Each structure stands twice: as structure tokens, then as C-alpha cells.
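The values are calculated or read from the model by the stated rules, or taken from the named source; none is laboratory data. No experiment lies behind these values; they were computed from the predicted model shown. Every residue, glycine among them, receives a Cβ derived from its backbone with ideal geometry; neighbour counts consider all protein chains shown.
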């Protein structure tokens with residue numbers, strides 16, 4: 001009697017935690033995330049300075065942030081399609097080099113209009129990293145080590161968003177907005193050099209041509225799904241609130257009775273780590289009691305924080321901003337993780353649509369914070385945020401009644 005010999009199982013050669021390749025990739029992606037989000041948000045604490053020195057209104061100065069977000073919106077999907085043909089690491093390298101170079105050029109912009117145009121082009125260049133990073137990690141890292149590598153990349157994103165504002169504010173206090181942009185650009189070039197030196201080449205990437213018909217078919221299916229559209233609306237409303245409030249906050253803290261400088265204004269963004277903590281807690285709660293229950297609570301917490309900012313003492317204003325940040329990140333983490341779980345097919349495309357809505361909300365609602373400040377001060381800014389959060393709360397309640405399409409595999413959305 002003979003026994004059948006099972007065929008040999010092919011060894012999974014993707015990177016595992018503890019290997020030299022995994023360490024190199026983790027450091028490279030942390031540096032890339034830090035550079036990307038430092039470049040994106042560096043002008044936010046500079047808005048009052050830009051308005052004053054370039055003789056523009058608060059709403060107009062906020063275009064330096066909105067234009068970059070809009071550039072990401074325009075280029076996000078094409079960058080992903082390009083990487084399918086051209087390769088993941090090549091697109092990410094060009095993204096980092098181009099965006100860091102453009103902000104250095106922007107430091108010498110002769111006019112406000114030129115500055116905004118260069119910031120838009122910078123957003124187009126920046127789109128390559130968020131569009132491709134997750135696909136690169138999924139392809140190159142073993143599933144058992146994927147969570148920690150994603151965590152390091154997200155950590156780089158959060159620290160980059162905070163560091164870009166803090167460092168940019170400190171440089172602005174020392175030498176003005178041009179020195180600020182130049183300094184952040186040089187730091188980002190250093191991060192880019194780390195990525196170029198350490199990022200492993202794609203070993204498990206297979207190029208394939210862009211299939212227009214299949215892409216449009218899956219896109220139509222996503223746009224017909226009311227649940228998916230409601231999640232996209234959540235992204236736009238939540239991010240719109242967050243950017244509008246923080247844009248207006250820069251002007252409030254510079255004005256009487258506070259009179260803070262750029263460095264002190266940027267220090268408010270030290271509340272960001274609270275958002276990282278609330279994201280993790282909200283994720284665990286969502287796994288335990290369900291996303292439908294946790295999402296509206298996150299929105300309500302953000303609304304409570306926004307209400308507290310109407311109080312006059314500076315410590316209470318910062319407390320309100322901290323609570324707003326906790327609620328925003330909690331709701332955003334739940335909504336973003338819901339996207340891939342809901343998608344019946346093409347979850348990566350569903351995640352890309354969520355990101356499009358997220359950055360579109362920033363580019364549209366961001367200038368509303370400046371307009372509101374011009375119109376009626378902080379009370380008007382709070383009103384804009386309250387309307388957006390009110391709409392987000394309504395959408396979150398509608399999502400409670402949205403039936404699932406399928407039990408799906410998690411597809412994280414990283415911003």
C-alpha cells in the first residue's frame with residue numbers, strides 16, 4: 001500500500017518582523033509618512049502670518065492648505081493606476097522627491113498666487129505616497145507582520161502631521177514663512193534620502209496594464225451603494241470640520257486676548273497623540289459592540305469638544321480642541337475601517353474613494369474656517385463646525401440602518 005506524498009508548499013518569502021529587510025522597510029515607510037504629512041500641513045499654523053505678510057484675507061490664506069488637499073484629490077486615483085504599471089517604489093520615490101522639491105521652490109514664490117499654484121502641484125506630487133503605500137506593504141510584508149508595519153507607517157503619518165506644524169511654526173517665528181517652508185522642505189528631503197536608501201525594491205509586484213472597463217464597472221458599483229456613499233460623506237464632513245476649526249483656531253489664538261506667536265499656535269497640535277489613542281480605543285470598541293454603535297458617539301464627543309472651545313480661558317480652549325481631536329479620530333477610524341469591510345469587490349478602490357472624499361472635504365471646508373472668522377469671529381467658526389458635525393451625526397444614524405453587503409475582509413484606509 002503506497003501513501004501519496006503531498007506536494008511541497010511554496011515558502012512565503014515576504015518580509016517578516018525581525019528580519020533585516022523588514023527593519024529597513026519599516027524605517028523607510030515611517031520616514032515617508034513623516035515627510036508626506038509634514039509637507040501637507042506645514043502652512044496651517046502660518047495662516048495668520050501669510051494673511052498679514054501677503055496682504056490677503058484669512059479665507060484666502062487658507063487656500064495654501066486647501067490647494068494641496070485638492071491636488072491630492074486630483075492625483076490620488078491616477079497615481080494608483082500608474083503604480084500598477086510602473087511599480088510601487090518608483091512612484092513613491094518620485095512623489096517624495098517632487099513634493100519636497102516643490103516646497104523648497106515655494107519658499108521663493110514671488111506672489112501669493114504663485115505660492116498657491118505651487119502648493120497645488122505639491123499636492124499632485126504628494127498623492128503618490130498615500131495612493132500606493134498600502135498596496136506596497138500588503139505585497140511585500142508577510143501577513144503575520146503586516147499589522148506592525150502598518151502601525152509604524154500610520155505613526156509616521158501622525159508624527160509628520162504634528163511635526164510639520166510644530167517645526168514650521170518654530171521656523172516661522174525665527175525667520176518668517178519662507179524660512180519655515182525651506183526648513184520643512186529640507187527636513188523632508190532628509191526623510192526622502194532615508195526612504196531612497198532603505199526601502200526594499202518590490203519583489204512581489206507584478207505590473208499589469210490599466211483596465212479601463214473593469215475600473216469603471218467597479219467604480220459604478222461603489223457609487224450605487226448607499227452605504228458606501230454615506231461613509232464617503234462621513235469622511236468629507238469629519239475632515240471638513242477638523243480643518244475648518246483648526247484653520248480658524250490659528251487666527252483666534254493670534255488675536256486678543258491670547259496674542260500667541262506661530263510656535264505657540266503650532267504647539268496646540270501636541271494634542272494629536274490623543275487622537276492616535278482614541279483611534280485604537282474606538283477600533284477595539286467597534287470590534288466588541290459594533291461600528292454602528294461607536295460611530296455616532298465619536299461624532300458627539302467631537303461636538304462636545306467644539307462647544308467647550310467657545311469658553312474664553314485658554315486652557316479650556318485647548319481642552320475643547322483635545323476633546324474634538326479625540327472624537328474626530330475615533331469617528332474617522334471607525335468609518336475608514338468600515339469602508340473595506342463593506343466593499344463587495346475592489347476594496348482598494350472603495351478605500352481610494354473614501355480618501356478622495358476625505359481630502360475633498362478638507363479642500364472645500366478648510367477655507368470656510370477663514371471665511372467664518374472674517375464674518376463673525378470664533379462664534380461663526382464654531383457654527384460652521386457645528387453644522388458639519390450635525391450633518392455627520394445624521395449620516396452616522398443613517399448608517400446604523402444600512403444593511404451589510406457581506407462579511408468582508410478588513411481593508412484599512414490610511415491618511
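Being in contact with a helix residue (DSSP H, G or I) (Cβ under 8 Å, 6 or more places away or on another chain), more than 14 Å from residue 329 (Cα to Cα), surrounded by 17 or more Cβ atoms within 10 Å (Cβ to Cβ) and modelled with pLDDT of 95 or more narrows it down to one residue among 245, 268; which is it? Explain how you work it out, then say what you get.
Values: 268 fails: modelled with pLDDT of 95 or more.
The match here is 245.
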Requested in this report: Looking for whichever is more than 25 Å from residue 246 (Cα to Cα) and without any contact (Cβ under 8 Å) to a residue 40 or more places away in the chain here; the options are 138, 194. Which one fits?
Outcome: 138
Report task. Working carefully through the options 307, 286, find the one that is in contact (Cβ under 8 Å) with a residue 40 or more places away in the chain and either surrounded by 19 or more Cβ atoms within 10 Å (Cβ to Cβ) or within 22 Å of the chain's Cα centre (by Cα) (or both). Result -> 286
**Report entry** Sole exception among (1) closer than 30 Å to residue 379 by Cβ; (2) not assigned by TED's automatic domain parsing to the domain that holds residue 279 for residue 178, by number
**Finding:** (1)
Requested in this report: Under 6 Å between Cβ atoms, at least 6 apart or on separate chains: pull out the pairs that start in the stretch 343-361 with a residue that is surrounded by fewer than 18 Cβ atoms within 10 Å (Cβ to Cβ) and end on any residue that is modelled with pLDDT under 90 and not in a helix (DSSP H, G or I).
Outcome: 344/405; 344/406
Requested in this report: May I ask you to list the residues in the stretch 308-330 that are out of contact with any helix residue (DSSP H, G or I) (no Cβ under 7 Å at 6 or more places or on another chain) and in a helix (DSSP H, G or I)?
Outcome: 314, 315, 317
Query raised in the report: Failed condition for residue 146, given (1) surrounded by fewer than 16 Cβ atoms within 10 Å (Cβ to Cβ); (2) without any contact (Cβ under 8 Å) to a residue 60 or more places away in the chain, with all others met?
Result: (1)
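Condition check ((1) in the same structural domain as residue 183 (by TED's automatic domain parsing); (2) more than 22 Å from residue 182 (Cβ to Cβ); (3) at pLDDT below 95; (4) crowded, with 21+ Cβ neighbours inside 10 Å) across all residues:
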{"site": "94", "(1), (2), (3), (4)": "yes, no, no, no"}
{"site": "98", "(1), (2), (3), (4)": "yes, no, no, no"}
{"site": "102", "(1), (2), (3), (4)": "yes, no, no, yes"}
{"site": "132", "(1), (2), (3), (4)": "yes, yes, yes, yes"}
